[in-house]
Amino acid sequence: MKGRLPERIESEVAAWPATVPLAAKKLLHLGSRAAVDQALSRLSRRGQLLRIGRGLYVRPMQTRFGTRSPDVSALLQALQVETGEVIAPGGAATANQLGLTTQVPLRPVYLTSGRTRHLTLGAQTVELRHAPRWQLTLAGRPAGAVIRALAWAGRERSEALATQLTSTLSPETIVELSRVRGRVPTWMAERLSAMVAHG
């Protein structure tokens with residue numbers, strides 16, 4: 001493939017969906033790390049790529065109103081595929097979705113099995129916060145949302161919230177919760193056991 005490195009990178013990523021994160025490591029077949037980093041930075045300054053994090057870029061989405069950042073959830077799904085990490089909405093947002101609180105986080109927080117970091121999508125900053133494995137149990141499932149909401153509430157407040165939640169859960173969710181009690185701390189297993197007994 002001939003041509004200047006920025007143009008070669010641009011043509012390579014043009015075929016990718018706008019939600020696929022782009023790191024320099026993916027493009028080392030085109031040039032040295034320093035040259036690839038410099039080319040990505042140049043494309044970002046021109047608006048052809050968006051820098052969303054340290055060494056991480058994404059193609060902007062074209063709309064009839066101009067360019068914009070990709071949807072957060074689509075980007076995080078793609079990031080999970082690319083990195084192999086587990087990512088799930090944070091406990092405060094999950095508790096809000098379950099009707100346990102009216103508090104809405106000022107900025108989106110997601111729990112991850114990877115390292116803690118921030119992604120910038122236009123004016124929005126998304127925090128990816130490293131979490132223990134048990135908090136990511138059943139990520140993407142209603143039972144996993146229950147675990148994260150109770151973890152957010154903490155040992156003391158979670159008992160009342162567990163009681164409040166039990167009547168709203170489907171039988172399938174109760175079964176899933178019963179199966180994962182061995183993966184969570186003792187206090188959480190006690191909450192889940194009470195939910196299973198009354199569900």
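Observations
- Considering residues of the stretch 158-174 that are in a helix (DSSP H, G or I) and exposed (fewer than 13 other Cβ atoms within 10 Å of the Cβ) only, the residue nearest to the chain's Cα centre (by Cα): E172
- Any hit, the stretch 23-38, residues being touching a residue at least 60 places away in the same chain (Cβ under 8 Å) and out of contact with any helix residue (DSSP H, G or I) (no Cβ under 7 Å at 6 or more places or on another chain): no
- In the stretch 120-157, the residues that are in contact with a Lys or Arg (Cβ under 6 Å, 6 or more places away or on another chain), in a strand (DSSP E or B) and aliphatic (A, V, I, L, M): L128
- Residue satisfying condition, being under 26 Å from P70 (Cα atoms) and either at pLDDT 95 or above or surrounded by fewer than 13 Cβ atoms within 10 Å (Cβ to Cβ) (or both), within set G114, G182: G114
- Pick from the stretch 185-199, criterion under 27 Å from the mean Cα position of the chain (by Cα) and without any contact (Cβ under 8 Å) to a residue 12 or more places away in the chain, ranking: surrounded by the most Cβ atoms within 10 Å (Cβ to Cβ): A189
- For the stretch 67-85, taking the residues that are more than 16 Å from L119 (Cα to Cα) and under 15 Å from the mean Cα position of the chain (by Cα), the one that is surrounded by the fewest Cβ atoms within 10 Å (Cβ to Cβ) is identified as G84.
- One residue from T137, T125 being touching a residue at least 12 places away in the same chain (Cβ under 8 Å), crowded, with 18+ Cβ neighbours inside 10 Å and polar (S, T, N, Q): T137
- Selected residue (only one of R51, R117 is in the same structural domain as G144 (by TED's automatic domain parsing), more than 30 Å from A160 (Cβ to Cβ) and not small (G, A, S)): R117
- Close pairs (9 angstrom Cβ cut-off, 6 or more residues apart or separate chains): not assigned by TED's automatic domain parsing to the domain that holds P21 in the stretch 63-79, assigned to a loop (DSSP other than H, G, I, E, B) and among the acidic types (D, E) anywhere: L79/E85
- Among the criteria (1) assigned to a helix (DSSP H, G or I); (2) closer than 21 Å to A92 by Cα; (3) under 27 Å from the mean Cα position of the chain (by Cα), the one G182 does not fulfil is (2).
The values are calculated or read from the model by the stated rules, or taken from the named source; none is laboratory data. Everything numeric in this text was worked out from a predicted model, so none of it was measured. So basically every Cβ, Gly included, is an ideal-geometry build from the backbone, and we count neighbours across all protein chains shown.
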